[in-house]
Amino acid sequence: MKEEIELIKEGKRLDGRGFDELRPIKIEVGVLKRADGSCYLELGDNKVIAAVYGPREMHPRHAQDAKMAVVKFRYNMAPFSTDDRKRPGPDRRSVEISKVCREAFNPVIMRELYPKMGIEVYVELLQSDAGTRTAGINAASIALADAGIPMKDLVSSIAVGKINGEVVLDLNAAEDNNGEADMPIAMIARTNTITALQMDGRMTQEEFGRGLKLAMGACHQIYELQRAALVTRYNQNYEGKSKREEE
Amino acid sequence: MYQVVVPGDFLSEETKRAGEGTYVEEGKVYASQYGIVNMRGEIKVVPLSGKYKPSNGDVIIGKIAEISFPFWIVDLASPYEARLHVSALSGIAREKIEFGNMSDYLNVDDLVVVKVMDVNVLMKIELALQEDFELRRGGRLIEIPHTKVPRVIGRSGSMIKMLKEKCNCFIFIAKNGRIWIRGKEDDMDLASTVILKIARESHTSGLTDRVAEFLDSFRKEKERELRG
């Protein structure tokens with residue numbers, strides 16, 4: 001039995017956050033000149049760049065779909081992004097994450113508008129501190145919009161987890177490694193539709209419900225940040241009010 | 001003032017007015033692209049970026065990419081390419097166009113003005129040559145993102161009219177973002193500088209006035225040079 005490490009002191013987490021607090025998020029749109037769309041995003045100590053190319057001719061040709069565009073998603077961690085150097089290139093973990101992330105965008109990308117084409121999404125992690133796939137999805141979502149890809153909505157993503165018996169939002173590396181559970185989700189904020197959900201570890205049904213609610217609330221916050229980043233790029237007078245509120 | 005929207009933004013409840021760059025869900029119109037909304041008439045989102053997708057009736061400038069009898073493969077500044085059949089030229093050809101002499105009529109890298117006649121569900125594109133389709137002599141081509149084309153034309157053609165007058169050039173703007181300019185060397189330099197400037201600053205307001213100012217100051221400087 002592993003000895004429990006103290007991750008919560010006096011109702012605060014080790015980095016001083018409350019249980020329902022996100023790490024600081026920084027977003028910059030259009031950072032890569034030669035990509036069709038791009039985004040740099042920081043989620044706490046995670047640093048990620050997403051680049052989108054396309055729609056363009058799909059290679060290999062046999063993978064083309066005559067009825068709709070094919071989305072290619074590559075999640076990749078730089079060798080220097082972790083504490084110990086990571087062996088470069090795709091591995092079991094990153095292949096799985098790429099698949100999960102690609103499928104998180106399935107309900108939003110209007111693929112039928114570009115038959116036979118390929119839309120390529122590259123997510124590169126420059127620095128990692130737990131929750132990299134959620135940071136990657138948030139960045140990819142903005143990069144896709146920036147590339148002018150027709151989409152029904154933006155996708156927002158965040159993780160919840162359990163540390164020292166408490167359900168907390170947005171785990172960092174120390175909490176992820178020593179906690180009891182980690183559950184990343186991706187969702188469409190406007191409709192509260194969950195497009196990806198994974199869980200690692202154990203939570204009770206009640207904790208799961210509480211965690212999900214917490215994560216969904218946080219996705220709304222992230223959505224506002226994503227939207228603000230895109231709008232302020234062309235409109236400096238943006239007041240940070242979502243169009244959805246007017247509905 | 002421009003209103004920038006992102007995919008998923010609610011636009012209206014009048015589903016009948018839903019136009020390009022939007023989609024309808026449960027009786028409401030939402031944006032499907034990152035761009036600027038236009039509520040006059042149809043509700044449209046003019047995208048800020050993205051690739052050109054040919055649609056029926058577009059008049060565009062194509063570039064011959066490849067010759068494979070009996071077709072010319074035409075690059076349209078789009079992810080989709082089109083084929084132009086030799087019969088499109090049979091009306092003006094002096095002889096029968098065959099495998100060997102296709103390049104006498106249109107060679108690789110030649111520019112042609114074509115009209116998109118039909119696009120089927122598999123994005124197979126049928127083209128027709130426009131009457132004065134050849135753009136070989138005395139002019140130059142510049143390329144801008146197709147999303148900036150409406151801005152270079154301006155509201156009911158105000159911008160392009162001014163450009164033509166003040167630059168003293170023939171300017172042909174194709175829907176796929178390729179622009180053909182013909183005139184004196186100096187004039188063409190000026191025109192291409194200004195058009196690229198418009199494309200770069202397309203999202204700012206009061207652009208037509210600023211461009212007019214730029215052109216006037218440029219002219220004045222020229223005159224001063226000539227006098228001095």
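Just to verify a number: FRET efficiency for A:Thr191 and A:Glu166, C-beta to C-beta distance, R0 = 30 Å, to 0.05?
0.55
When the dipole is taken about the Cα centre of chain A, and only Lys, Arg (+1) and Asp, Glu (-1) are charged at their Cβ, what size is it in debye, to the nearest 20? Don't jump to the answer; show the numbers that get you there.
Working: 36 positive and 38 negative charges, 229 e Å.
Roughly 1100 debye, rounded to the nearest 20.
Does a label point 7 Å from the Cα of A:Gln127, set along Cα-to-beta-carbon, have any residues of the range A:47-83 with amide nitrogen under 20 Å, and which are they?
Counting backbone N atoms under 20 Å from the label point, the list is A:47-51, A:76-83.
Charges only on Cβ, +1 for Lys and Arg, -1 for Asp and Glu: so what's the dipole of the range A:65-146 about the Cα centre, in debye to the nearest 20?
280
Considering the dipole of the protein assembly as shown built from charges on the beta carbon (Lys and Arg +1, Asp and Glu -1) around the Cα centre, which of B:Gly100, A:Gly201, B:Ile179 is farthest to its positive end?
B:Gly100
Distance between Cα centroids, the range B:168-228 to the range A:200-233: provide it in whole Å.
Answer, in whole Å: 49.
How big is the dipole moment of the range B:59-134 about its Cα centre under a simple scheme where the beta carbon of each Lys and Arg is +1, that of each Asp and Glu is -1, and everything else is neutral? Debye, nearest 20, please.
Numbers: 6 positive and 13 negative charges, 44 e Å.
So the magnitude is around 220 debye.
In nanometres, what is the gap between the two model label sites at A:Ile5 and B:Ser12, each 7 Å from Cα along Cα-to-Cβ?
5.7
Decide, for the range B:140-227, between rounded, prolate and oblate: order the square roots of the alpha carbon gyration tensor eigenvalues as a ≥ b ≥ c, take rounded if a/c falls under 1.5, and otherwise choose prolate if a/b is larger than b/c, else oblate. The partial results should precede the final answer.
Numbers: a/c = 2.06, a/b = 1.38, b/c = 1.49.
Oblate shape, in that a/c is at least 1.5 and b/c is the bigger or equal ratio.
Label B:Ser158 and A:Met110 with points 7 Å out from Cα along Cα→Cβ: what is the distance between them in nm?
2.9
Along the charge dipole of the protein assembly as shown, which of B:Thr147, A:Ala186, A:Gln64 sits closest to the positive end, that is, farthest toward it, with unit charges on the beta carbon of Lys, Arg, Asp and Glu (+1, +1, -1, -1)?
Farthest towards the positive pole: B:Thr147.
In the structure shown, do any of B:Lys115/B:Lys175; A:Lys67/B:Lys175; A:Lys67/B:Lys124; A:Lys72/A:Lys213; A:Lys99/B:Lys124; A:Lys26/B:Lys44 have a Cα-Cα gap over 20 Å, and if so which?
A:Lys67/B:Lys175; A:Lys72/A:Lys213; A:Lys99/B:Lys124; A:Lys26/B:Lys44
Loop sites only, by DSSP: take the GluC sites (Glu not before Pro) in chain B that have at most 11 other C-beta atoms within 10 Å and name the longest stretch containing none of them.
Between exposed loop sites, the widest span is B:99-228.
Using the basic label-point model (7 angstrom from Cα toward the beta carbon), what is the A:Arg56 to B:Lys222 distance in nanometres?
With each label point 7 Å from Cα toward Cβ, the separation is 3.8 nm.
Name all residues of the range A:110-153 having a backbone nitrogen under 11 Å from the label point set 7 Å from the Cα of A:Asp45 along its Cα→Cβ direction, giving them as ranges.
Only A:128-130 pass the distance filter.
Just subtract the alpha-carbon distance of B:Gln130 and B:Arg83 from 0.36 nm times their residue separation and send over the number in nm, one decimal.
Numbers: separation 47, 0.36 × 47 = 16.92 nm, distance 1.49 nm.
My answer for the length gained is 15.4 nm.
For chain A, what's the relative contact order in percent, using C-alpha pairs closer than 8 Å and at least 6 residues apart?
Details: 521 pairs, mean separation 49.2, N = 247.
Averaging sequence separation for qualifying contacts and normalising by length gives 20 percent for chain A.
Pairing the Cα long axis of helix A:132-146 with the longest principal axis of chain A, what angle in degrees results, from 0 to 90 and rounded to the nearest 10?
30
Need the C-alpha centroid separation for the range B:76-136 versus the range B:1-61, integer Å.
Between the Cα centre of the range B:76-136 and that of the range B:1-61, the gap is 31 Å.
No value in this document is a laboratory result; all are computed from the given coordinates. What you are looking at is a predicted structure, and each value in this text was computed from that prediction instead of being measured. Positions of Cβ are generated from backbone atoms using ideal geometry, with glycine treated the same way; all protein chains shown enter the neighbour counts.
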